[in-house]
Amino acid sequence: MLAPPLAQPQPADEALMRSYAAGQATAFETLYARHSLRMWRYFYRNTGDAALADDLAQDLWFAVVDSACRYEVRSRFTTWLFTMAHHRLVDHWRRQRPGISLSADTPESMRLAESLFAASGFEPEQQLDRQLMAQAILAALARLPAEQRECFVLQVEADLTLAEIAQTTGVAEETAKSRLRYARAKLRAALEELA
């Protein structure tokens, strides 16, 4: 019996970006496939608006294309990408009125909350409890100050380290750590109110 072929190692994001800068379009397609959903979720969780998340994500990917020839590996590709995303959010917030946030009442939020626990195997009552918990988490996340919410989303969604979060948001590492600590404490307190 023949052994199945070994899976080919996937090229690193940084190598793909350099390949794209050298003219290999498929490298960009791979990067986009790997990171497009994460970027959209980052924008959505920070704005609460699916259409706006679409626009910001599209703008981000156009910026990636425009920046390809100047790209230098100074950190992980995802840190560079989320830094660019952060700048787009800051620019958006500067243009808009303050107070735009994620709402637990939007159809997108309801679908997200439901999908958090889809196919969990729990009985209907338990599924409803978990869906309500997911909605409560989204609502608590929406009430966080923008800086705290962004740090929390960068850690949870982007899987960035504390140093990378600080670099992405342009603040000192202690500031990023403090924002994460406050975000977690506020989310924990909001969930304890449900108990």
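Would you please list the contacts, defined by Cβ atoms under 6 Å and residues six or more apart or on different chains, that run from a residue in the range 49-70 that is in contact (Cβ under 8 Å) with a residue 12 or more places away in the chain to a residue that is acidic (Asp, Glu)?
ALA50/GLU108
With respect to ALA63, is the statement that it is in a helix (DSSP H, G or I), under 24 Å from ALA146 (Cβ atoms) and touching a Ser or Thr at 6+ places or on another chain (Cβ under 9 Å) true?
Answer is no for this residue.
Out of ASP49, ASP55, which single residue is open to solvent by 10 Å² or more (accessible area, probe 1.4 Å), within 18 Å of LEU138 (Cα to Cα) and out of contact with any Pro (no Cβ under 9 Å at 6 or more places or on another chain)?
So the residue among ASP49, ASP55 that is open to solvent by 10 Å² or more (accessible area, probe 1.4 Å), within 18 Å of LEU138 (Cα to Cα) and out of contact with any Pro (no Cβ under 9 Å at 6 or more places or on another chain) is ASP49.
Quick check on this structure: which one of ALA190, ALA183, ALA166, ALA176 is outside the structural domain of ARG41 (by the TED database), among the small types (Gly, Ala, Ser) and in contact (Cβ under 8 Å) with a residue 40 or more places away in the chain?
So the residue among ALA190, ALA183, ALA166, ALA176 that is outside the structural domain of ARG41 (by the TED database), among the small types (Gly, Ala, Ser) and in contact (Cβ under 8 Å) with a residue 40 or more places away in the chain is ALA190.
The values are calculated or read from the model by the stated rules, or taken from the named source; none is laboratory data. Predicted model only: the values in this text are computed from it and were never measured. Positions of Cβ are backbone-derived with ideal geometry, glycine not excepted, and every protein chain shown enters the neighbour counts. The protein model used for the area step is the full one, side chains on, heavy atoms only, and it has no ligands, DNA or RNA in it. Shrake-Rupley method; radii C 1.70, N 1.55, O 1.52, S 1.80 Å.
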